[in-house]
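Beneath this line is the structure, given in structure tokens, with notes to follow.
The values are calculated or read from the model by the stated rules, or taken from the named source; none is laboratory data. Every value quoted in this text rests on a predicted model; they were computed, and no experiment measured them. Here the Cβ positions follow ideal geometry from the backbone for every residue, glycine too, while neighbour counts run over all protein chains shown.
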Amino acid sequence: MRGLDSIDRNIIRQLRLNARITNAKLSEEVGLSPSACLRRISLLEQSGVIRGYTALVGNSEGENPIAVIINITLERQTEEHLNRFESAVKRHPEIQECYLMTGGSDYLLRVEVENAGDFERIHKEILAKLPGVLRIHSSFSIRNVLATRVQPR
């Protein structure tokens, strides 16, 4: 996010807190006119700094899903194998995050499940069928200590 001024960073901070904030309220928070604020947002979107907006969805019972952190080790770490794996991961919306890693495993994935049976299905139908996977190591969260945090700038 180099090249952004304090107003851009403040807009991003406010949108991270509440992406549904009205433009009128956002412009008031960042000290711009509504039209200038909308123009800034448009430029941030066009430049790829803001890549999209999303909804965080909970279940209807209000229970918190279980986060599962999955370490994946591939059979080979060639560019072809990495690309095949990454392309396959992108086709599964159940996989919410995927990081290429250094250290003991090649990738770290995060999924959220309702229960162990839900994870078993994801493991059988998705994770075990990803191309080039040698080892899958999964860890279940006990509870979420910090759901979201605004990154200070």
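For the reader, a short list of remarks on this structure follows.
- Output for region 69-101, where each listed residue is under 14 Å from the mean Cα position of the chain (by Cα) and assigned to a strand (DSSP E or B): ILE69, ILE95, GLN96, GLU97, CYS98, TYR99, LEU100
- Every test in (1) touching a Leu at 6+ places or on another chain (Cβ under 6 Å); (2) loosely packed, with under 11 Cβ neighbours inside 10 Å; (3) not basic (Lys, Arg) is passed by GLU75 save one, and that test is (2).
Every residue, every condition in (1) among the hydroxyl-bearing types (Ser, Thr, Tyr); (2) modelled with pLDDT under 95; (3) loosely packed, with under 11 Cβ neighbours inside 10 Å, yes or no:
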{"position": "MET1", "(1), (2), (3)": "no, yes, yes"}
{"position": "ASN18", "(1), (2), (3)": "no, yes, no"}
{"position": "THR22", "(1), (2), (3)": "yes, no, yes"}
{"position": "GLU28", "(1), (2), (3)": "no, no, no"}
{"position": "LEU32", "(1), (2), (3)": "no, no, no"}
{"position": "GLY48", "(1), (2), (3)": "no, yes, yes"}
{"position": "ILE66", "(1), (2), (3)": "no, yes, no"}
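- Flag if VAL111 is assigned to a strand (DSSP E or B) and closer than 26 Å to LEU15 by Cβ: yes
- Each residue in region 102-134 was checked for being touching a residue at least 24 places away in the same chain (Cβ under 8 Å), exposed (fewer than 12 other Cβ atoms within 10 Å of the Cβ) and either closer than 11 Å to ILE72 by Cα or not assigned by TED's automatic domain parsing to the domain that holds GLU75 (or both), and 2 of them qualify.
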